[in-house]
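Worksheet: the structure to be examined is printed underneath.
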Amino acid sequence: MATETTGFVSACIDSLGNAIGMPQLCAEWMPNQVFWLLVTLVVIYLVLSKVALPRIGGILAERQGTITTDISAAEDLKARALEAEEVYNKALADARAEALNIAAEMRAGIQGELNDAIAHADAEISAKVAESEKAIGEIRASALEAVKVVANDTAAEIVTALGGKADAKAVGTAVTSGMKGWT
Amino acid sequence: MDQFIVSPLFGDGPIAWYTPTNVTLWMVLTILAIGALLVLSTSRRAIIPSRAQSIAELVYGFIYKMVEDVAGKDGVRYFPYIMTLFMFILVTNFLGLIPTAFATTSHIAVTATMAMAVFLSVTILGFWKHGFGFLNIFWIGQAPLPLRPILALIEVISYFVRPISHSIRLAGNMMAGHAVIKVFAGFAVVIWIAPVSIAAITAIYALEVLVSFIQAYVFTILTCVYLKDALHPHH
Amino acid sequence: MEGDVVQMGAYIGAGLASIGMGGAALGVGQVVGSYLSGALRNPSAAAGQTATMFIGIAFAEALGIFSFLVALLLMFAV
């Protein structure tokens, strides 16, 4: 950098443009550096304090505000969603209760019909049973009668065949007493 | 050490305090870079930031939080001042890392000016806020009584060494980094050392990028610490 | 001849001053090592102490930089 300044010799640069000693300690250059440093710092300070820092601070604050707003909006939406869910659950519970109600009614109705039908059937069955018993009794009575006639006839025939005289009255008495254990 | 020479931008001649020099050039570039980063990138004021805008916001938040944490809530008033120092040092350090660039922060005159500015403003602020109560920072109440004068002496010395160490730390770090790179570059003329030398330069360069940031950070955080001492001188 | 002796002394002094940078290395290593061992014991408290660690590093490193400065002054300014 400094090699072009061959003609100029100062306390800190020799005729070849090389530094004599440490350039940092060259008192000749210090006022220049200090002056430009102060100018620079003042310019940077003004730029920062007037433009950059308020702007960045504003952006950050704005973002913070936006985030806060968004979060509150999200919370609002969440509350509304919860509300909707509650309404939905309530509707669901109502519908379920109604369904249970309907089912119970239906069951009661069916039970009634069923009871009627059972009673009806019971009555029919008992009537039929009675009729059948009656018929059985008749059949049994007529059968006994038939057996008595057959037994009388048979006994009379047997007595006659054995050579005895068949007394109808005596035979009837004997058959009746013989059949006592059977009926 | 030729890379640290201050030379006039136009022609030869003596360097008066107003002469535009390479110092001027690189400081103007610093201003432009800061303007591009913090002003141009945020010109859209986007809620969803672009890449450059998020960097600007990141820097803003980083320094803001540092000032708030270290200097306290009432230190936030001085945030633009600290932000100015941080941005200037950071950008100048990074620009100085460009090959053939001129690193203004490697000059003690520059860093000493900044350190003295911090020192004087902090001291004046302390006396203005607390009057002679500011001297309490030298008188440590928790220490046993016989020790206090000795500690006060040490505290006074360390207080006045602050601007020196504050400025030399930054300038020395930058100068050392550049000088080390120069030393390795000097080795590169020997053909069979050249690859090693180039690898070393690359590694040192990466280290210097880190150091550039850390030194800007350290300068700023120490400014915050001094500011805290001025605002709350009671230990 | 006399100037040569002075320059030799300056160079030797610069070399000796450079030893101080090793001290800075030890100091910085000590600071970061202590920070790490503390941070691994109690990671929740680590984040709050990062700034303190950097301040400590800065103080430790400043003294190394001073020795570097002394070396440079001996090399170039005396």
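Over chain C, with a Gaussian network built from C-alpha contacts below 10 Å, which listed residue (C:46, C:62, C:17) shows the highest mean-square fluctuation?
Ranking C:46, C:62, C:17 by mean-square fluctuation puts C:46 first.
Tell me, which longest segment in chain B has none of the trypsin sites (Lys or Arg not before Pro) that fall in DSSP loops with at most 16 further Cβ atoms within 10 Å?
B:46-235
Mind counting lysine pairs for me in the range B:2-231? Cα separation below 28 Å, and the two need to be 8 or more apart along the chain or on different chains.
Lysine pair count for the range B:2-231: 6.
Picking from A:37, A:127, A:18, whose Cα lies most toward the positive end of the charge dipole for the range A:1-133 (charges on Cβ: Lys, Arg +1; Asp, Glu -1)?
The listed residue farthest towards the positive side: A:18.
Run the count for chain A, please: Lys pairs, Cα-Cα under 23 angstrom, 8 or more apart or on different chains.
Taking the Cα cut-off of 23 Å, the pair count is 7.
Return the carbon/sulfur percentage of the accessible area of chain C, one whole number, probe 1.4 Å, all protein chains in place.
Carbon and sulfur atoms account for 73 percent of the accessible area of chain C.
Please report the accessible area of residue A:136 (heavy atoms, 1.4 Å probe, ligands and nucleic acids excluded) in Å², nearest 10.
90
Given +1 on the Cβ of Lys and Arg, -1 on the Cβ of Asp and Glu, and no further charges, what dipole in debye does the range B:1-102 carry about its Cα centre, rounded to the nearest 20?
For this selection, approximately 440 debye.
Please list the non-local residues whose amide H lies under 5 Å from the amide H of residue A:13, H modeled 1.01 Å from N, same-chain partners needing a gap of 5 or more.
For residue A:13, the qualifying residues are A:20.
Would you mind finding the longest exposed-site-free stretch of chain B, with exposed chymotrypsin sites (Phe, Trp or Tyr not before Pro) meaning DSSP loop and at most 13 other Cβ atoms within 10 Å?
B:19-191
Might you tell me the accessible area per residue for chain A, computed with a 1.4 Å probe and given in Å²?
Computed with neighbouring chains in place, this is 71 Å² per residue.
Rolling a 1.4 Å sphere over the protein heavy atoms, what is the accessible area per residue of the range C:21-77, to the nearest Å²?
The answer is 54 Å² per residue.
So for chain A, averaging the separation of alpha carbon pairs under 8 Å that are six or more residues apart and normalising by length, what relative contact order in percent results?
So the answer I get is 7 percent.
Of all the accessible heavy-atom surface of the range B:2-231, with the other protein chains kept in place and a 1.4 Å probe, what percent is carbon and sulfur?
Carbon plus sulfur share of accessible area: 77 percent.
Between chains B and A, what is the buried accessible area in Å², counting both sides, with a 1.4 Å probe and ligands, DNA and RNA left out, to the nearest 100?
4200
Taking the Cα centre of the protein assembly as shown as the origin and placing charges on Cβ (Lys, Arg +1; Asp, Glu -1), which of A:59, B:3, B:29 is farthest toward the positive end of the dipole?
Most positive-ward Cα: B:3.
The values are calculated or read from the model by the stated rules, or taken from the named source; none is laboratory data. What you are looking at is a predicted structure, and each value in this text was computed from that prediction instead of being measured. Every residue, glycine among them, receives a Cβ derived from its backbone with ideal geometry; neighbour counts consider all protein chains shown. Please note that ligands, DNA and RNA were not included when accessible areas were found on the heavy atoms of the full protein model with its side chains. Shrake-Rupley method; radii C 1.70, N 1.55, O 1.52, S 1.80 Å.
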